[in-house]
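Below: the structure, in structure tokens.
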There are 2 protein chains.
Amino acid sequence: MAQVLVAPRVRLNRDRVLQAAVGLADQVGIEALSMRRLAEELGVVPMALYKHVANKDELLDGMVEVIVAEIDPPARDAEWKTAVRLRVLSARQMLLRHPWARSVLESRTTHTPAVLDYLESTIGIFLAGGFSADLTHHVMHALGSRMWGFTQELFDASADPARPPADPAVQAAQMQAMAERYPQILQISSAAAHDDSVVAHGCDDRFEFEFALDLLLDGFERLRAADWSSSSATRTA
Amino acid sequence: MAQVLVAPRVRLNRDRVLQAAVGLADQVGIEALSMRRLAEELGVVPMALYKHVANKDELLDGMVEVIVAEIDPPARDAEWKTAVRLRVLSARQMLLRHPWARSVLESRTTHTPAVLDYLESTIGIFLAGGFSADLTHHVMHALGSRMWGFTQELFDASADPARPPADPAVQAAQMQAMAERYPQILQISSAAAHDDSVVAHGCDDRFEFEFALDLLLDGFERLRAADWSSSSATRTA
DNA sequence: ACCTGAACACCGTTCAAGT
DNA sequence: ACCTGAACACCGTTCAAGT
């Protein structure tokens, strides 16, 4: 009689909170992830969360920790270029699993341990590959967000779902208006349809991503071969 | 007696709302920009704004319109490379005037006319410079957010103000801990101090930005010279 | 045509209290 | 040590009403 129908509620802890937050963001999107909703998901009152994360900002930092730890460690016994490439593409896989990760990574300014670990080991690939500390510094900057497997895309099909209006007549009229006002945009968007099906646009994205990544990696290689250094670089305005 | 002390309130219109929103965001930051606060700034009740913008999303789109229009038009009679470079650096100046612009540009998915105009004229530079539509497509993707004058930076000093703690002893201990846990991060961050003063770190940012930009532009030039096309490109996994 | 007032359904977070 | 309840100061936005 004393033990009623109340479930033997699993004790809350930081990890359970973070895992639940990641899962909830995966399901409902980052804008719908609120402290109140997360608490509800955990069958707990909102204030209970504050014993495990100081505030919402720390929750987001914790979520970043969780997902950054999902990125593969650097490949051992691989050439620097392959190693960086694999790493970045692994980060990209993680990002595809957590669509909200991009905006959260962009917004975070504090460097949590998992983030620092990721940077440290990526830097290690370059240094081990014969890059000077100087060049490695700039090369890391040049990679920028691409290191996390994303870049701000201008024609982001995936971010703009259900674009075409149902009515084909409206669609044709819209196309016509575009062709008149923005002929060059139309020209280049139709030019590179390396994938005919609308369905598999993920492949398209990947092609663009790797195009830019390889362009940068080739550039890095060239600078390294030329013993580039920032002091020898002439800054042309 | 009928005309009381009420100021002859200037009639609200869309442009006045957008200009005020941009100004307010410049002053107080984007996270403090709310419909309610903006209304207060304009001496009006919150609901009055909704006659001129449908909702907050449209307000943000409108703000993007305002600032994108501030970017210089393409330089006439300039080589493609110089023209792109100038354009991107002009976008960067705009971004420095409106620190909130970066996150808002990142979050927008709808393409408003001013944004399309910007894309159209930038594409025009490449096409006029002898780039194929195909290559222009990929090159625009590779530029990505750099086209707006920014990239996600990993060591973003400006986003992380007042980092060093006041106590020099604490600072030294922190440095020591970093050196042990993240030796390579420390190595590369000290390696490329091309500007000795802490004050002018804006120059540092500019150096990194131009380093990556020029690396890309040089890569574009090489592909163009080699008559690169997406169909001839072998996709190595 | 434009602005207002009151209300609704949300937020993150503090504080004092419960077990 | 951990969770709760009530409250505070905010949000964006709808709806019916005013001029």
Residue within segment A:33-54 that is more than 11 Å from DNA strand C (Cβ to nearest atom), closer than 22 Å to residue A:105 by Cα and touching a residue at least 12 places away in the same chain (Cβ under 8 Å) present: yes
field: Test for residue A:149: is it surrounded by 14 or more Cβ atoms within 10 Å (Cβ to Cβ), within 26 Å of the chain's Cα centre (by Cα), at pLDDT 80 or above and more than 10 Å from every other protein chain (Cβ to nearest Cβ)
entry: yes
query: Quick one: in segment A:16-32, which of the residues that are within 14 Å of chain B (Cβ to nearest Cβ) and under 20 Å from residue A:70 (Cα atoms) is nearest to DNA strand C (Cβ to nearest atom)?
result: A:30
- request: Output yes when any residue across segment B:158-168 is within 8 Å of another protein chain (Cβ to nearest Cβ) and modelled with pLDDT under 80, and no when none is.
  value: yes
message: With the structure loaded, tell me whether residue A:38 is away from DNA strand D (no atom under 14 Å from the Cβ) and among the hydrophobic types (A, V, I, L, M, F, W, C) or whether it fails that test.
response: no
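Could you list all residues from segment B:11-22 that are closer than 18 Å to residue B:102 by Cβ and either within 13 Å of DNA strand D (Cβ to nearest atom) or free of Cβ contacts under 8 Å to residues at least 12 places away in the same chain (or both)?
The first filter runs over segment B:11-22 and keeps only residues closer than 18 Å to residue B:102 by Cβ, leaving B:21-22.
Selection gives B:21 alone.
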- request: Scan (1) modelled with pLDDT under 95; (2) more than 10 Å from DNA strand C (Cβ to nearest atom) for the single condition residue A:67 breaks and write down its number.
  value: (1)
field: Among the candidates B:128, B:114, residue that is modelled with pLDDT of 90 or more, within 30 Å of residue A:29 (Cα to Cα), more than 13 Å from the chain's Cα centre (by Cα) and within 14 Å of chain A (Cβ to nearest Cβ)
entry: B:114
Residues of segment B:44-70 that turn out to be more than 9 Å from DNA strand D (Cβ to nearest atom) and within 14 Å of chain A (Cβ to nearest Cβ), as a count: 4
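The values are calculated or read from the model by the stated rules, or taken from the named source; none is laboratory data. Please read all numbers here as calculations on a predicted model, not as lab measurements. For neighbour counting, all protein chains shown are included, and Cβ atoms are generated from backbone atoms with ideal geometry for every residue, glycine included.
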